Every structure is written in C-alpha cells, then in structure tokens.
Amino acid sequence: MTTLTPILTRFWDHPQSWTLATYEANEGYQALTRALAMEPSALVSMAKDSGLRGRGGAGFPTGMKWSFLPPSDGGPRYLVVNADESEPGTCKDIPLMMAAPHFLIEGVAITSYAIGCNHAFIYLRGEVVHVYRRLMRAVEEAYAAGHLGKDIHGSGFDLDVTVHAGAGAYICGEETALLDSLEGRRGQPRSKPPFPAVAGLYARPTVVNNVESISSIPPILLHGASWFAGMGTESSKGFGIFSLSGHVTNPGQFEAPLGIPLRELLDMAGGIRGGKRLKFWTPGGSSTPLFTDAHLDVPLDFDAVAKAGSMLGTRALQIFDETTCVVRAVDRWIEFYKHESCGKCTPCREGTWWLKQILGRIEHGHGTEDDLDKLLDISDNILGRSFCALGDGATSPVTSSIQYFRDEYLEHLRQGGCPFDRDASSLFAKETASV
Amino acid sequence: MEHYGEQTASGFLHVSAESKEPYAADVRARLHDDAQAIIARYPQARSALLPMLHLVQSVDGYITGRGVTFCAEELGLTEAEVSGVATFYTQFKRHPNGDYTVGVCTNTLCAIMGGDQIWDAVSEHLGLDHDETTADGKITLERIECNAACDFAPVVMVNWEFYDNQTPESTRRLVDDLRAGAEVRPTRGPNRQCTFKEMSRTLAGFADGLADEGVGAGPASLVGLKVAQDHDWTAPSATRQIDKAGE
C-alpha cells in the first residue's frame, strides 16, 4: 500500500501556517541560501535530475522548460507563475497558497536565480481575494526579511516579485493567454511558435510554471534530486497533491507519491458516501476523459493514465456515485466551456456553443439518436483543430461519456427527460425534498 | 428555437450618460496617484490595466464610462482598447453592482452536490436571476464557475470570499443577514465580509491589512494530513539521501 507524503501540506494545520515565522521554523528559506551559493546552471540540472514534471496539467518536464531559454543577451528575462487555477475540479494551488504561500515565494526566488530573472510575476485568478491577501503579505514579509529585493542574502542577486490579480477568465490559465492578460490585454492565446521561452512576456524570454511545480523546488533543493526522484514512478517522479471531491465520505487534499491509484485514495477518504457505488470520475479535471469503476487500480501517473485513455492533468479527482446523471454532468461542463471559450478560433467558439445546445436538448428529452453522432462529429471537428487546449478539453467529457454511457443518453430519449432524481445526488436530499 | 444556455452574457458595455459624468477633481487626483502606484509595479504601463479596472470598480461599483476614460488617459490607450479588455473579464461589471456579489457555484461538481438546489432557493428567495441586483442595491446574484474549492462543495462566494459547505437554508440566511447588515464571516477568509468596493480595491493591489485573519486551511484541506498523522506517515527521510549523495 502507498503511504501519504506530507511535504507541501505538512504544517497546514498550524494556526498561523501562512506566516514567515512558521515557514522559517519549517526549513523555510534554507534552500534559497543554498541555491544562491550554486551556479544557476547547476540548479537547472538539479530540476532536470529530479524528474519534476509540470504540475499544472500538461506534465512537461520543469527543468527542460528552464533550459529552453536562449543564452542571455543582457536584456530582461521573466518568470511568470501560473496561479490561475480554474480547471473544474482542480483545487490544490488555492489551498496551498492560502495555507503556506512561502513555499511559492521561495520557489520563485530560486527559480528566478536559476534562469537569470530579476522581476517575477505571480498571476493569480481574481476570484480568490483572501489568497491574494496572503500572497501580497508573504511577498511583503519576504522583502522585509531580505529574501526578496536587493542583494538577497548578501549574494548580489536582485529580485522583485509582483503579485497580479486577474479578473475572471478560465482561458488565462493557458500560458500565452495568461501573458497577454498580464500585458493588459484580452486573455486570448497566442500563435506558437514563438514559444514563451523565446518571446514571452513583453516578447522577452519567459518561463511560465505552475504554482505547485515552483513550490516543489525548495524541498527538492533542500533534500536532493534523488530524494524527490525516489518517490513516484518511472515516468512520474516525486509527490503531488491529489484533490478528492464529490461523493466521497471525506473529500479533501491528499499529498502522495505519483502513481497512487484511486482505490487507495478512496480508502483514505472513507470510501464513496453512504456505501453507494462509484459511477464515473475525472482523473485530472473536466478536460480529462472520464474514467469509471473499471479504472480504480490505474496508477495515477502521467503514462499509466494516458495508456488507460485519459490524462493525469491536475489530479483533480471528481468522484460521482450511481445517483448522478452523466448527461447532466457533461451538459454542465460544456456550459462552462461555452462560457469560457475566448472566441478567437471558430472550432471552439462555435463548436462549444452547439455542443451545449445538443446536450441541453438531450438532457431535457428533446433530442434524437442522431444527436449522439452529431456530438461526436462536432467533437471531432474541435479536437486538434482549435487554437489551444480549451477546445480539446471540451471534447473530453463528451466523447468519453458517450463511450462509457451511451445507453444512458438513449434512456433520456426513451423517457423524454432525465431519468435521475437530482435531489438524490445532492448532499441534503431531505432538506430540499421538504421545501 | 429553444435555447439551453444556463448563463447569459451581461450584454454590451452600456455606458450611460450618467456614468460619463467626470470625476470630482479630488477623486480624479486620488485615482491618478493610485494609478501611478499600480503602474510602478510593472516594466510596461499597460500591464496596469486590469488592476486599474478593479480600482475603477472600487470607486464606482462597476466599469463606468468615466472609468474607461480614466484608464485610457493614464495609460495612453484608446477608450475602445480599454472597453475591449473590460468586456472580456467576468469580474468587470457592466452595470451598477450590489454591495455584495453572491455567487453560487453551478459548475458540475458543486451543482450535483446541491449547488443547483441552492441556486433555485436563493434565486426564488431574492426574486433575482443571473447578474441581477436587489432593489435595495445590496445583493447581486450570480451563477459562478468552479472556484477551486471542490472539496468544500457546495460553495458560495460573497465578493470572492469562501462560504464553504452551503445548503439552501444556510444561503438564504446568508443573503438575509447581508441585506440586514448583520455580521457574517467567510469560512475561509477575514473576520468580516468586505463590500464589493472594498474588495475591488484589494484586487487593485492595495493591501487591506486583513491577510493575517482567518484560518490557514479549512477542514477538507487537512483531511489527508490528518490521515498521514494518524498513521505516522511522513515523506521519506531526506537526511539519509543527502548522506548517501555525500558518500
């Protein structure tokens, strides 16, 4: 059996977990001192050796991303942290930044030193005011303690950090849309190439990394790349935060080595609520194809999940039991993609709108059997033909739900409506039943 | 044909004549100082636009015509460029907002856990649909998308502070308390509920001194840590690894 590995979550239960004092009492900023005594290139090698893959969903090797920056030309280079956590089901970066923001700030300082950046940005989604307060406070404390600013720890290295609040747009989680938004524009993805490593923020070499990736850097530096690589699986080294939500007895955050299967996590979370049966789940957010109870033992690492037909994504394990209507779930996700499509490219803008119309009429019993083929056809015209991954992601719940639950779609047509009682899937069936 | 969308756009940016009334000289001067402080955070001025639009909302309660003009003047942009950005982001409101934006998460996970029932209850209770405001100007009701608190579902946000594990009854009580001016506190947030304008100033990057209030982590965030503590599970010993590397 796999055991949990509290590292980033280790002192979240401290009554003042977010302060600099608590962080320093837990090895905080010791890694920064060590980093500043090293060659920047050695830090890039360390990140590569650790095997850390990006924790924001795509899983691209973090150290390799750093190494893609061209040689310095004397001009500015930027680190931009993607803290726009908005993928439905994903809820790990927000509690991390609320409970222990200094992991991120120290990681930003180390990474900036490694890539030759003197001004780093944290792009936080705007809809989490208290997290914004905590980040601003953490930056303020770090400056006052000499962990940021001029001549950090007497090393001669200077770093400014700006925490920037977005204003409500899922698309800004896409790294080039994020950069446009940070430049004060509509958050729409850019044509690639050039990639941000070459022409990112203000058309300068830029590294964009996820919150959890950067927060993992101080522990890796402190304890060693081999320590980190000793956890997890061959393709997916290290630990990660797994977020269980939905119909589980005790939903929450579980920090574990990559590769732990859902069956073990479910046991730790007290199983499916009320002894009910697992029906479907997402391994990494709504943009990752659904799994069913047939996938309970798939190791949750990048390769094994891909081999089983989905994506590890952000380890956002949304669990739905047998009371849940899959058509209702997918219909609502598509409502989201339709709302959040930035409108730049036709397949996504028009495709998500039509997916929504068709799913809506099926859920309400007004569709026909041809609609299923139409959904698949539209999905086929979005996947791989959109400007960015938002469109691709929108097709995942549609195609996977039809793959596993085709008959449930048909049952909506046979019955002329949804065969499920929505109160049965809610947490307070009794209360609403009496209203 | 029937339309199946749950959410409608708020419409075009409606710039009423009233909202174009210039700022009083002292307000405009203060806004200028704030804008300069924001611009100073960035290597290029235009990056200040989103925080400056939050700043406009902290004064006007929504994106006004004069607010658009102010941003354009300070940043050397056209009003069309500013409006184009303002209308892209859902947090920028296109008409006067209430003191409290009550957002019910109706994305899939929360909806299924009871967010739909909460929405129905509070929508009926207030007589409001999406992005509508009570006549007393207190509450604007919104359907919101996933706010990264799924382990606390169903979630309601008030001015983007967390109200975790809500029910139809608790949410009705919440909006009643907000309208009555009774004390309410977020489950994970400061010890008091800020108004829309106060919150907007914070999002413009001006600290309100409330960062050290509230909890570090809510109960759900600690479930895995508790399991690990109960089983004496820890991460592998690092020291041994370092010793090995040093050998």
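Of B:K138/B:K197; B:K20/B:K93; A:K65/A:K237; B:K93/B:K197; A:K344/B:K93; A:K237/B:K226, which ones are farther than 18 Å apart at the Cα?
A:K344/B:K93; A:K237/B:K226
Ordering A:P95, A:G74, A:H295 by the projection of their Cα atoms onto the charge dipole of the protein assembly as shown, which places +1 on the Cβ of Lys and Arg and -1 on the Cβ of Asp and Glu, puts A:G74 at the extreme positive end. Whole-Hz Karplus values for the stretch A:415-421 come out as 8, x, x, 6, x, 9, 8 Hz, taken residue by residue from phi with 6.51 cos²θ - 1.76 cosθ + 1.60 and θ = phi - 60°; glycine and proline positions read x.
Projecting the Cα positions of A:I260, A:T368, A:C345 onto the charge dipole of chain A (unit charges on Cβ atoms of Lys, Arg, Asp and Glu, taken about the Cα centre) puts A:C345 furthest along the positive direction. When both bridge partners sit in the protein assembly as shown, DSSP labels roughly 50% of those beta bridges antiparallel.
Relative to the current alpha-carbon distance between A:K276 and A:D297, full extension at 0.36 nm per residue lengthens the span by 5.7 nm. Would you please state which residues of the stretch A:43-62 a label at A:F195 would reach in this model, taking the label point 7 Å out along Cα→Cβ and a backbone N cut-off of under 12 Å? Inside the label zone: A:60-62. Summarising the amide proton neighbourhood of A:V248: residues at separation of 5 or more, or on other chains, whose placed amide H is nearer than 5 Å comprise A:R273.
Charges were assigned to the Cβ only: +1 to each Lys and Arg, -1 to each Asp and Glu. The resulting dipole of the stretch B:100-197 about its Cα centre is roughly 400 debye. Sorting B:93-102, B:147-156, A:63-72 by average packing, meaning the other beta carbons within 10 Å per residue, from highest down gives B:147-156, B:93-102, A:63-72.
Converting phi to 3J(HN,Hα) with the Karplus coefficients 6.51, -1.76 and 1.60 and the offset θ = phi - 60°, the stretch A:323-338 yields 7, 8, 7, 5, 5, 4, 4, 5, 3, 6, 4, 5, 3, 4, 4, 4 Hz in sequence order, with x at every glycine or proline.
DSSP assigns beta bridges within the stretch B:100-197; of those with both partners inside it, close to 60 percent run antiparallel. Rounded to the nearest 10 degrees, the angle from helix A:101-115 to the longest Cα principal axis of chain A is 60 degrees. For chain B, the dipole from Cβ point charges (+1 on Lys and Arg, -1 on Asp and Glu) about the Cα centre works out to 500 debye, to the nearest 20. Could you tell me the calculated FRET efficiency between A:D421 and A:R385, based on Cβ-Cβ distance and R0 = 45 angstrom, to the nearest 0.05? In this case the efficiency is close to 0.70. Its Cα centre serving as origin, the protein assembly as shown has a Cβ charge dipole (Lys and Arg +1, Asp and Glu -1) of approximately 960 debye.
Let me know the mean shielding of A:257-269 by other chains, meaning the per-residue number of their Cβ atoms within 10 Å of its Cβ. Spell out each step's value before the answer.
Numbers: counts 2, 0, 0, 0, 0, 0, 0, 0, 2, 0, 1, 8, 4.
Shielding by partners across A:257-269 averages 1.
Here's the list of aspartates and glutamates a cross-link from A:K374 could span, going by alpha-carbon distance under 20 Å and ignoring same-chain residues fewer than 8 apart: A:D331, A:E335, A:E350, A:E363, A:D392, A:D407, A:E408, A:E411, B:E2.
Within the listed set A:L410, A:L265, A:L20, the Gaussian network model of chain A (springs between alpha-carbon atoms below 10 Å) gives the highest mean-square fluctuation for A:L410. Under a 5 Å amide H cut-off, with hydrogens placed 1.01 Å from N, A:Y78 pairs with A:T206, A:V207 among residues at least 5 apart or on other chains. Of A:C325, A:C348, the sequence from fewest to most neighbouring Cβ atoms within 10 angstrom is A:C325, A:C348. For the stretch B:131-138, putting each phi into the Karplus relation 6.51 cos²θ - 1.76 cosθ + 1.60 with θ = phi - 60° gives couplings of 6, 10, 10, 5, 4, 7, x, 7 Hz, in residue order, rounded to whole numbers and with x for Gly and Pro. Between the beta carbons of A:S41 and B:A37, assuming R0 = 35 Å, the FRET efficiency works out to 0.40 to the nearest 0.05. Using C-alpha pairs below 8 Å separated by at least 6 residues, the relative contact order for chain A is 16 percent. Around the amide H of A:M231, modelled in the peptide plane, lie the amide H atoms of A:G238, all under 5 Å away and 5 or more residues distant in sequence or on another chain. Each peptide in A:357-366, A:129-138 gets a packing score, the mean of other Cβ atoms within 10 Å over its residues, and the list from highest to lowest is A:129-138, A:357-366.
Readers should treat all values here as calculations from the given coordinates under stated rules, not as data from a laboratory. Computed from a predicted structure; not experimentally measured. A quick note on method: Cβ atoms are made from the backbone with ideal geometry, for glycine too, and the neighbour counts reach across all protein chains shown.
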